[in-house]
Amino acid sequence: MKLSLPFLPLALLSLLTTACQRSRSAPLPPPLPQDPQIQVYFNQAEHQHYEMPNRYSPKPETLQRPGDNLEAILETAIASATQSLDVAVQELRLPGLAQALVERHRAGVKVRVIVEHQYNQTWEEWSAQAKQLEGRDRQRYEGFRTFLDRDGNGQVSAQEINQGDAIAQLRRAGVPLLDDRADGSKGSGLMHHKFLVVDGQTILTGSANWTPSGIHQEPGFSESRGNVNHLIRLESQPLAQQFIAEFKGMWGDGPGGKTDSVFGVKKPVRSPQRITVGASSVLVTFSPTGKRQPWTQSTNGLIAQTVAKAEKQVDLALFVFSEQKIADALAIRRRQGVEVRALIDPGFAFRDYSEGLDMLGVALKRKNCRVEKDNRPWSPALTTMGVPQLLPKDSLHHKFAVLDGRAVITGSHNWSKAANEKNDETLLVIENPTVAAHFQREFDRLYRDAVLGIPVGVQQKLAEQKGRCPS
């Protein structure tokens, strides 16, 4: 859930909207060169604009978008398949992508789709339980309803369902589809992957879910530009085989068969694999390891070991950062002279478990006047940590770090305990300056207008806890 920014004036939000509108006519920065085998795309990049499909917004004036059209890139990759398409994505709500999968399925391509069980529901199924939905589930339902209601009359017609319900489209066409209940459980922590493998050769992955808000716009909010996300396309059969092995374990014998799928901690532990992809070295691993392995051999352990190798600079753009040991590894490198800059989504940056607070040198105590276990606020405090300025309803959904302008940590894996111990996740460490330059430009774009330091709301909470809790 996106939280409001008590420290960001409404006038400034208006200025952000105006600036976004002006960007349509402003000169575009030149595109960066792409690596032949690893291309990177960002849905809010400044180097180009695209037209959002009008099926996602009935208002023509809202169709222009800055950035790469991630949906079109995915759709083109799907359309290129001649043999197989393996999709593992937390949420699939874009009917254009569903239709592309249906067309390949009808053409004889072997199409298989895995989603998170919370999202393996048609509109009819969501509606049947609408009265019982609360909190975030209710918000998801209302967002889905708004998305389907193309004419905005408050009613979802049969035609609107046929045109907009992606899961229903897949089911009607007989596309094989399952979720993380296929192992006989009620679902894993989260089936949080976001990857597509085409013909055992091409991988598309990154931070974006296949949803309107993940790529284009929060349904019903014309001022939204969608969550800030990226997509990576990699061409490598050896690397694709690693993703296929992950997929096959979760797929088992497919829908309707035995409960031989494996999700979450039921998956066998696999060590990270280093693959040479053209001029790049790519380290790939999949979560979770649970508590079966020492933390140093977990995915979060790999992140900590990787940032510990930075020599000059580490830049972070993260949705969530709550893993203490990674923050500790960064703190050590900072004391050794490495420059650290960090951006965290405003909805998570200042919660009591956020390592963003550690970086700022403060700790928020909970109701029992205790702080998070092993909490270590930085001293001196980091002055280069903050939040990006985003349009209403949008989130910073990246999960990447850039190291010394030469390497990138990325994937679906949030820097959290849940991602490490429960969720099905992907993590990539890509060593290639050409690839890193794209992520560096994205970080610099977000950092340019970021709000740094301790916001007023946190200052007020610190003052309150000083009077409420013993020193």
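For the stretch 314-331, the candidate set comprises residues that are outside any helix (DSSP H, G or I) and more than 16 Å from the chain's Cα centre (by Cα); within that set, the residue that is farthest from Pro388 (Cα to Cα) is Glu323. When the strands (runs of 3 or more DSSP E) confined to the stretch 202-304 are screened for residues that are surrounded by 16 or more Cβ atoms within 10 Å (Cβ to Cβ) and outside the structural domain of Asn153 (by TED's automatic domain parsing), those reaching at least 2 such residues are found at 273-277, 280-287. Each residue in the stretch 141-172 was checked for being not in a loop (DSSP other than H, G, I, E, B) and not β-branched (Val, Ile, Thr), and 19 of them qualify. Checked against (1) crowded, with 20+ Cβ neighbours inside 10 Å; (2) touching a strand residue (DSSP E or B) at 6+ places or on another chain (Cβ under 6 Å); (3) within 17 Å of Glu116 (Cα to Cα); (4) of a type outside the set (Phe, Trp, Tyr), Pro176 meets all criteria but (1).
Looking at Ala173, Ala128, just one residue is of a type in the set (A, V, I, L, M, F, W, C) and farther than 30 Å from Arg233 by Cα, and that residue is Ala128. Picking from residues in the stretch 124-156 that are in contact with a Phe, Trp or Tyr (Cβ under 9 Å, 6 or more places away or on another chain) and among the hydrophobic types (A, V, I, L, M, F, W, C), the one that is surrounded by the fewest Cβ atoms within 10 Å (Cβ to Cβ) is Ala130. For the stretch 178-199, the condition holds for at least one residue, the condition being that it is touching an Asp or Glu at 6+ places or on another chain (Cβ under 9 Å) and among the β-branched types (Val, Ile, Thr).
Here's the yes/no breakdown for (1) free of Cβ contacts under 8 Å to residues at least 40 places away in the same chain; (2) closer than 23 Å to Leu177 by Cβ; (3) in contact with a helix residue (DSSP H, G or I) (Cβ under 7 Å, 6 or more places away or on another chain):
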position: Gln237; (1), (2), (3): yes, no, no
position: Ala245; (1), (2), (3): yes, yes, no
position: Trp251; (1), (2), (3): no, yes, no
position: Gly256; (1), (2), (3): yes, yes, no
position: Ser261; (1), (2), (3): no, yes, yes
position: Lys266; (1), (2), (3): no, yes, no
position: Val269; (1), (2), (3): yes, no, no
position: Val282; (1), (2), (3): no, no, yes
position: Thr285; (1), (2), (3): no, no, yes
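Of all the numbered requirements in (1) free of Cβ contacts under 8 Å to residues at least 40 places away in the same chain; (2) of a type outside the set (A, V, I, L, M, F, W, C); (3) touching an Asp or Glu at 6+ places or on another chain (Cβ under 8 Å), Gln273 misses one, and that requirement is (3). Being within 24 Å of His193 (Cα to Cα), in a strand (DSSP E or B), among the β-branched types (Val, Ile, Thr) and in the same structural domain as Asn209 (by TED's automatic domain parsing) is a description that does not apply to Val175.
The values are calculated or read from the model by the stated rules, or taken from the named source; none is laboratory data. It should be emphasised that the depicted structure is a prediction, and the values quoted were computed from it without experimental measurement. We place every Cβ from the backbone using ideal geometry, glycine too, and count neighbours over all the protein chains shown.
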